[in-house]
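The values are calculated or read from the model by the stated rules, or taken from the named source; none is laboratory data. All values reported here derive from a predicted model rather than from experimental measurement. Cβ: placed from backbone, ideal geometry, glycine included. Neighbour counts: every protein chain shown.
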Amino acid sequence: GFPGVPGRKGEPGESAYVFRSAFSVGLETRVTVPNVPIRFTKIFYNQQNHYDGTTGKFLCNIPGLYYFSYHITVYLKDVKVSLYKNDKALLFTHDQFQDRNVDQASGSVLLYLDKGDQVWLQVYEGENHNGVYADNVHDSTFTGFLLYHNIE
Amino acid sequence: GFPGVPGRKGEPGESAYVFRSAFSVGLETRVTVPNVPIRFTKIFYNQQNHYDGTTGKFLCNIPGLYYFSYHITVYLKDVKVSLYKNDKALLFTHDQFQDRNVDQASGSVLLYLDKGDQVWLQVYEGENHNGVYADNVHDSTFTGFLLYHNIE
Amino acid sequence: GFPGVPGRKGEPGESAYVFRSAFSVGLETRVTVPNVPIRFTKIFYNQQNHYDGTTGKFLCNIPGLYYFSYHITVYLKDVKVSLYKNDKALLFTHDQFQDRNVDQASGSVLLYLDKGDQVWLQVYEGENHNGVYADNVHDSTFTGFLLYHNIE
Ligand SMILES: [Ca+2]
Ligand SMILES: [Ca+2]
Ligand SMILES: [Ca+2]
């Protein structure tokens, strides 16, 4: 008899695009409480909802290497702010304020995260270093994105 | 009869490498005109030519999520600069200058762009906030790149 | 006859994940020697070991487009720092210090690198512009990563 019809075509290979996690958020008003996570509630991007505006924390859903950056408007008081990973301050940014000299302070870092790790920003000393400022024409922002997902 | 020949091999997975868009540019001389797009004409990278040095605007050719960052040398005057997307100021950076205290101000953000969207930097108040400075040993820069192209 | 067996699954898409190169490092103590590469020895990430803490230099192993960023705590002296590529200063960041006004200065850029290219940070004038500061609660950092590997 005749040969059968050809088999079905194979499945496509794995896409590079299933691993995505990114957020970019801003402050709406100046920080008033030090020593707790800063809650950024102006959302520039948060499609995967891995950043939680009610806690101020980013929750890692995809293990891998992440880039984080932040930019702070320093006004009214000095600023001491840290990037925290799971209750440990990893990065320390200090900028002093002087009258009529609004400043900008920023930081960025690459961090490997496991699923469940949390990352946030927090003023790391008390009321005197709480000058993280924002209003509708002064931004203070926090951004993060997955650069390379875990392949091991 | 005999079984048919095996099916064709599946297609390769979607490649990450057809979707690229990035630019990194600097100022050559200080900004003299406020309230118009800042034209960065020192080119560090602009292979796809999606940034236009004659207008100062980045034009989105590939829909997706983009990262933008800028760094401003604050000298001679205060600086108020905004990142614009299609005539709307989305991000506001303010840094005050004082005599003998050159400063640096920076910002970064993730923005989802559709094809045709334009992004640029612009001083958002008048002559008094026009202290965006550059010469051959003082850089003010603007960078952007496609992080994740649209897959929906 | 019977239909043939299904074809083999396609090959994975050209993955973004075989081409990885990233580092993120910090200073442990303030810079004391100008005009030589700054050696950042606090390692946030350096899995591929393309950054060498003994020289302070990043060595390109994978040709492509890289993003570099740095954040400097300006304290005790003014800061003039440059990003170097193979002995040529490409990016210049200047921030002046004044008493009781710690500042933050930062820069970022995209650079195309060939295999063998080296990138580092260096104070570009003498002792008077050496105010790159760090201690255990003041970070100065240097980060780089491969954004798009060479496909040409
Ligand atoms: Ca200032
Ligand atoms: Ca300064
Ligand atoms: Ca300051």
(request) Can you confirm whether region B:125-140 contains a residue that is within 23 Å of A:Gly144 (Cα to Cα), of a type outside the set (S, T, N, Q) and modelled with pLDDT of 95 or more? (result) no
(request) Please verify whether region A:98-111 includes one or more residues that are within 14 Å of ligand 1 (Cβ to nearest atom), modelled with pLDDT of 95 or more and small (Gly, Ala, Ser). (result) yes
(message) So in region B:106-128, with the set limited to residues that are of a type outside the set (Val, Ile, Thr) and within 19 Å of A:Lys42 (Cβ to Cβ), which one is nearest to ligand 3 (Cβ to nearest atom)?
(response) B:Ser106
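May I ask you to list the residues in region C:22-33 that are buried (at least 16 other Cβ atoms within 10 Å of the Cβ) and at pLDDT 95 or above? Reasoning before the result, please.
Filtering region C:22-33 down to residues buried (at least 16 other Cβ atoms within 10 Å of the Cβ) leaves C:22-27, C:30-31.
Passing the criteria: C:Ala22, C:Phe23, C:Ser24, C:Val25, C:Gly26, C:Leu27.
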(message) Among the numbered criteria (1) in contact with an Asp or Glu (Cβ under 9 Å, 6 or more places away or on another chain); (2) more than 7 Å from chain C (Cβ to nearest Cβ), which one does A:Gln96 miss?
(response) (2)
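Could you list, in sequence order, all residues of region C:47-78 that are facing another protein chain (nearest Cβ under 9 Å) and either more than 16 Å from ligand 3 (Cβ to nearest atom) or more than 22 Å from A:Leu113 (Cβ to Cβ) (or both)?
Those that are facing another protein chain (nearest Cβ under 9 Å) and either more than 16 Å from ligand 3 (Cβ to nearest atom) or more than 22 Å from A:Leu113 (Cβ to Cβ) (or both): C:Gln47, C:Leu65, C:Tyr67, C:Ser69, C:Tyr70, C:Ile72, C:Thr73, C:Val74, C:Tyr75, C:Asp78.
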(message) Looking at region C:76-105 only, could you name the residues that are more than 18 Å from A:Ile72 (Cβ to Cβ), in contact (Cβ under 8 Å) with a residue 12 or more places away in the chain, within 16 Å of ligand 2 (Cβ to nearest atom) and not β-branched (Val, Ile, Thr)?
(response) C:Leu76, C:Lys77, C:Asp78, C:Lys80, C:Phe92, C:His94, C:Gln96, C:Phe97
(request) For region B:34-55, enumerate the residues that are hydrophobic (A, V, I, L, M, F, W, C) and either free of Cβ contacts under 8 Å to residues at least 40 places away in the same chain or surrounded by 15 or more Cβ atoms within 10 Å (Cβ to Cβ) (or both). (result) B:Ile38, B:Phe40, B:Ile43, B:Phe44
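Please work out which residue is nearest to ligand 1 (Cβ to nearest atom), limiting yourself to region A:67-78 and to residues that are within 9 Å of the chain's Cα centre (by Cα) and among the hydroxyl-bearing types (Ser, Thr, Tyr). Walk me through it before giving the result.
Taking region A:67-78 first, the residues within 9 Å of the chain's Cα centre (by Cα) are A:67-70.
From what's left, among the hydroxyl-bearing types (Ser, Thr, Tyr): A:67, A:69-70.
On the way: A:Tyr67: 26, A:Ser69: 20, A:Tyr70: 18 Å.
Result: A:Tyr70.
Going by the conditions given, is C:Asp135 away from ligand 3 (no atom under 14 Å from the Cβ) and touching a Cys at 6+ places or on another chain (Cβ under 8 Å)? Walk me through it before giving the result.
On the way: away from ligand 3 (no atom under 14 Å from the Cβ): yes; touching a Cys at 6+ places or on another chain (Cβ under 8 Å): no.
For C:Asp135, the condition - away from ligand 3 (no atom under 14 Å from the Cβ) and touching a Cys at 6+ places or on another chain (Cβ under 8 Å) - is not met.
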(message) Against the conditions (1) under 15 Å from C:Val109 (Cα atoms); (2) within 16 Å of ligand 1 (Cβ to nearest atom); (3) not in a strand (DSSP E or B), where does B:Phe40 fall short? Just the number, please.
(response) (2)
(message) Go through region C:108-121 and report how many residues are within 7 Å of chain B (Cβ to nearest Cβ) and surrounded by fewer than 24 Cβ atoms within 10 Å (Cβ to Cβ).
(response) 3
(message) Just checking, does region A:26-33 include any residue being hydroxyl-bearing (Ser, Thr, Tyr) and either more than 26 Å from B:Leu113 (Cα to Cα) or in a loop (DSSP other than H, G, I, E, B) (or both)?
(response) yes
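Taking the conditions exactly as written (more than 16 Å from ligand 2 (Cβ to nearest atom) and at negative phi), does C:Tyr51 satisfy them or not?
Numbers: more than 16 Å from ligand 2 (Cβ to nearest atom): yes; at negative phi: yes.
Spelling it out, C:Tyr51 is indeed more than 16 Å from ligand 2 (Cβ to nearest atom) and at negative phi.
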(request) Within region A:84-127, work out how many residues are basic (Lys, Arg) and under 20 Å from A:His138 (Cα atoms). (result) 1
